[in-house]
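Trainee: First, the structure itself, so that you have it in front of you.
The values are calculated or read from the model by the stated rules, or taken from the named source; none is laboratory data. Only a predicted model underlies this, so the values are computations on that prediction, with no experimental measurement involved. All Cβ positions, even for glycine, are placed from backbone atoms using ideal geometry, and neighbour counts span all protein chains on display. Side chains are part of the model used for accessible areas, which takes the heavy atoms of the whole protein and leaves out ligands, DNA and RNA. Shrake-Rupley method; radii C 1.70, N 1.55, O 1.52, S 1.80 Å.
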Amino acid sequence: MLSTFNRNEYLEKMAGNPLDLFIIGGGITGAGIALDATVRGLKVGLVDMQDFAGGTSSKSTKLVHGGLRYLKQFEVKIVAEVGKERAIVYENAPHVTTPEKMMLPIYKGGTFGRFSTSLGLKVYDFLAGVKKEERRVMFSRKETLAKEPLLKKEGLKGSGYYVEYRTDDARLTIEVIKEASDRGALAVNYAKVEDLIYNQKKKLIGVRVVDRLTKKEYSIFAKKIVNAAGPWVDTIRERDHSKKGKHLHLTKGVHIVIDGKRFPMKQSVYFDTTNGDKRMLFVIPREGKVYAGTTDTTYSRWPIDPKPTAEDRDYILDAINGMFPSVHLTSDDVESSWAGVRPLIQEEGKSPSEISRKDEIFISRSGLISIAGGKLTGYRKMAERVVDEVAAQLHREGGKTYPACRTAHIELSGGHFGGSTHYATYVQEQKQIGIGLGLTEKEAEELAKKYGTNIGELFGYIQMNQEEAKKYQLPPALLAAVHYALTHEMILSPVDYFTRRSGMTLFSIQSARKWAQPVTDYMAEQLQWSDQQTKEYARELEAAFNEASPYETTSDVSETKRV
Ligand SMILES: Cc1cc2nc3c(=O)[nH]c(=O)nc-3n(C[C@H](O)[C@H](O)[C@H](O)COP(=O)(O)OP(=O)(O)OC[C@H]3O[C@@H](n4cnc5c(N)ncnc54)[C@H](O)[C@@H]3O)c2cc1C
């Protein structure tokens, strides 16, 4: 179980006996590798120097998508692979992946006309193997405006309408790690690989890890070591003296969040920006808010907590105001924002948006296996390629044979419905149980949808912790979610809960501010923090809120922290 209270034990266990595979990085890439390898029977350890998904994997556009725009770049192989993956990710985790109808408006003089949009979407459906009922539909101008009346009317000819999937990237990552952990993988957050350990033949045999909480150092040995450090892949390769040839090109992407009452759009839209830079932006309604992005600019700083700048924010606002001319959004309308860094593989002479999103494995002379590039959507296939390589090497070196990848049919934690078709009925049944426990209909449904087949644990905590909820003056559902995050999702700080386990910092910042103090107090008691520690965690949370807040966005990003 991925409990906060098991961290020490897991680190001791990793250090106690050599592992088959050690993974550096607990973003979606490392998480996927941990699950695949554990399912195949390998003894696996994983650490992340921040929280799980604390890097890029909580800062994406939050879409499980085939990458329609890559068709423009003729990246047919990528579109075919990630397009097909969408259905698999959905099937194995319908509680964190929701089908989302996407509209592609067609304008006079735009990049694509009616014919090319229709053809492009048809090719997309074909490559991605989309089932019949979800295939693209072409709408007239009238039908388009009926679906989204706020769209610019001038020059509008119609639209293409197709399916993508919306996800919560940080929750998808944590559900993958929880499933791996339930199956025996040892995973610990806030533990940093500080050094690599080699034998006399200069072969990589282990890592030196420092627990950032206790400052204790561990030497962990493994037959194979995978570097899934996302934007830090090259930092680990440098340490291994193997950063030669291909290297990373980091690009920053920003999103902003606006209240749905201020921007009452009904429909997700994917559109050409109107400033002539030939880029495309998503605008997506979600939980009473609308979020929009992304930018794509070269980034050359240390990639911890990249910050959105006023320039990034204004670029997105201008694009929205160009496509939805009646809304007149200003910077005051931006409730929160986030920035992420893409770990892309450098391609000479290409602009950030043109660089391919394909993934690649680098194997160094010492044996370090690094994986870079790729997409959240394709995490399972990336993991398959890495674990195939690990299994082949272990076979060559020790003669042991491991089975082929099985994760296409492995449901993630919370996704054990026996197929996505049972999800809706399950949610309805659990909603009734929640109402019986005193939750409102909305609360019960939201919890059941979010936690899927793990909801029983949450409901148990609601029953058990009525007194605690009163003591901390917290809604019982919120207290139960924090308690669950402590016992099953390894949170170490209030930021972990508010930003990555619940997404409240991004999509419900007022509510997050309202409950910040009692949640911090509850965690302080559970984790036995001193007054000083409690104050520090409260300060850290306030800083996270301020960073997400538009009033704090600034072009002065010189003070990036290092861990
Ligand atoms: C703005 C933006 C929008 C995107 N939108 C989408 C989208 O909609 N759909 C999609 O499919 N993809 C999208 N992507 C791409 C996707 O988010 C990334 O490909 C993916 O999250 C990368 O995951 P990762 O695990 O490789 O890296 P990360 O999530 O960054 O994980 C790497 C981890 O390694 C850890 N680490 C580094 N060094 C060490 C060390 N020394 N010791 C221990 N741990 C270490 C870090 O702390 C980090 O958590 C988007 C990316 C961006 C930036």
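Trainee: Scanning the range 180-218 for residues that are open to solvent by 10 Å² or more (accessible area, probe 1.4 Å) and of a type in the set (Asp, Glu), which turns out farthest from residue 62 (Cα to Cα)?
Mentor: Filtering first and then ranking leaves 217.
Trainee: Then there's this: Being within 21 Å of residue 66 (Cβ to Cβ), buried (at least 17 other Cβ atoms within 10 Å of the Cβ), away from the ligand (no atom under 11 Å from the Cβ) and not polar (S, T, N, Q) is the requirement here; does residue 345 meet it?
Mentor: yes
Trainee: I'd like to verify a number: residues in the range 170-197 that are farther than 21 Å from residue 227 by Cβ and near the ligand (Cβ under 10 Å from one of its atoms), how many?
Mentor: So the count comes out to 2.
Condition check ((1) in contact with a Lys or Arg (Cβ under 6 Å, 6 or more places away or on another chain); (2) at negative phi; (3) crowded, with 16+ Cβ neighbours inside 10 Å) across all residues:
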residue	(1), (2), (3)
325	yes, yes, no
332	no, yes, no
335	no, yes, yes
338	yes, yes, yes
350	no, yes, no
359	no, yes, yes
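Trainee: Hey, among 364, 370, which residue is more than 12 Å from the ligand (Cβ to nearest atom) and either surrounded by fewer than 21 Cβ atoms within 10 Å (Cβ to Cβ) or modelled with pLDDT of 95 or more (or both)?
Mentor: Just one listed residue meets the conditions, 364.
Trainee: Considering only the range 391-413, how many residues are more than 26 Å from residue 170 (Cα to Cα) and surrounded by 20 or more Cβ atoms within 10 Å (Cβ to Cβ)?
Mentor: Total satisfying the criteria: 1.
Trainee: Among what's in the range 457-466 and is without any contact (Cβ under 8 Å) to a residue 24 or more places away in the chain and within 14 Å of residue 439 (Cβ to Cβ), pick the residue that is most open to solvent (accessible area, probe 1.4 Å).
Mentor: 466
Trainee: Count, please, the residues in the range 85-142 that happen to be more than 14 Å from residue 160 (Cβ to Cβ) and in contact (Cβ under 8 Å) with a residue 12 or more places away in the chain.
Mentor: 22
Trainee: Another one. On the given criteria, is residue 111 open to solvent by 10 Å² or more (accessible area, probe 1.4 Å), over 20 Å from residue 411 (Cα atoms) and within 13 Å of the ligand (Cβ to nearest atom)?
Mentor: It is false that residue 111 is open to solvent by 10 Å² or more (accessible area, probe 1.4 Å), over 20 Å from residue 411 (Cα atoms) and within 13 Å of the ligand (Cβ to nearest atom).
Trainee: What residue, of 39, 47, is open to solvent by 10 Å² or more (accessible area, probe 1.4 Å) and more than 30 Å from residue 279 (Cβ to Cβ)?
Mentor: 39
Trainee: Of the residues 259, 272, which is acidic (Asp, Glu) and at pLDDT below 95?
Mentor: Testing whether each residue is acidic (Asp, Glu) and at pLDDT below 95 leaves just 272.
Trainee: Here's a follow-up. Considering only the range 318-374, give the strands (runs of 3 or more DSSP E) lying wholly within it that have at least 2 residues that are of a type in the set (Gly, Ala, Ser).
Mentor: Correct list: 334-345, 369-372.
Trainee: Please go through the range 42-63 and pick out each residue that is out of contact with any Phe, Trp or Tyr (no Cβ under 6 Å at 6 or more places or on another chain) and either over 28 Å from residue 102 (Cβ atoms) or more than 9 Å from the ligand (Cβ to nearest atom) (or both).
Mentor: 42, 43, 44, 46, 47, 48, 49, 50, 51, 52, 54
Trainee: Pairs please, first residue from the range 351-362 and within 22 Å of residue 379 (Cβ to Cβ), second anywhere and at pLDDT below 80, Cβ atoms under 7 Å, 6+ apart in sequence or on different chains.
Mentor: Qualifying pairs under 7 Å: 355/347; 356/75; 356/347; 357/67; 357/70; 357/78; 358/78.
Trainee: As an exercise: evaluate residue 408 against (1) out of contact with any helix residue (DSSP H, G or I) (no Cβ under 8 Å at 6 or more places or on another chain); (2) of a type in the set (Gly, Ala, Ser); (3) part of a helix (DSSP H, G or I) and give the number of the one condition it does not meet.
Mentor: If we test residue 408 against (1) out of contact with any helix residue (DSSP H, G or I) (no Cβ under 8 Å at 6 or more places or on another chain); (2) of a type in the set (Gly, Ala, Ser); (3) part of a helix (DSSP H, G or I), just (1) comes out false.
Trainee: Inspect the range 470-479 for any residue being buried (at least 23 other Cβ atoms within 10 Å of the Cβ) and in contact with a Ser or Thr (Cβ under 7 Å, 6 or more places away or on another chain) and give the result as yes or no.
Mentor: no
Trainee: I'd like the full set of residues that are more than 13 Å from the ligand (Cβ to nearest atom) and either open to solvent by less than 30 Å² (accessible area, probe 1.4 Å) or assigned to a strand (DSSP E or B) (or both), limited to the range 238-282.
Mentor: 242, 257, 258, 259, 260, 263, 265, 267, 269, 271, 272, 273
Trainee: Could you run through the range 447-468 and say how many residues are within 19 Å of residue 514 (Cβ to Cβ) and either among the hydroxyl-bearing types (Ser, Thr, Tyr) or modelled with pLDDT under 95 (or both)?
Mentor: Looking only at that region, the number is 1.
Trainee: Across the range 489-543, which residue is nearest to the chain's Cα centre (by Cα) among those that are under 26 Å from residue 186 (Cα atoms) and of a type in the set (Lys, Arg)?
Mentor: The extreme case among them is 500.
Trainee: Identify the residue in the range 283-328 that is small (Gly, Ala, Ser) and closer than 24 Å to residue 27 by Cα and, among all such residues, is farthest from the ligand (Cβ to nearest atom).
Mentor: Within the range 283-328, the match that is farthest from the ligand (Cβ to nearest atom) is 300.
Trainee: On the basis of being among the β-branched types (Val, Ile, Thr), in contact (Cβ under 8 Å) with a residue 60 or more places away in the chain and assigned to a loop (DSSP other than H, G, I, E, B), does residue 214 make the cut?
Mentor: Judged against the criteria, residue 214 is a match.
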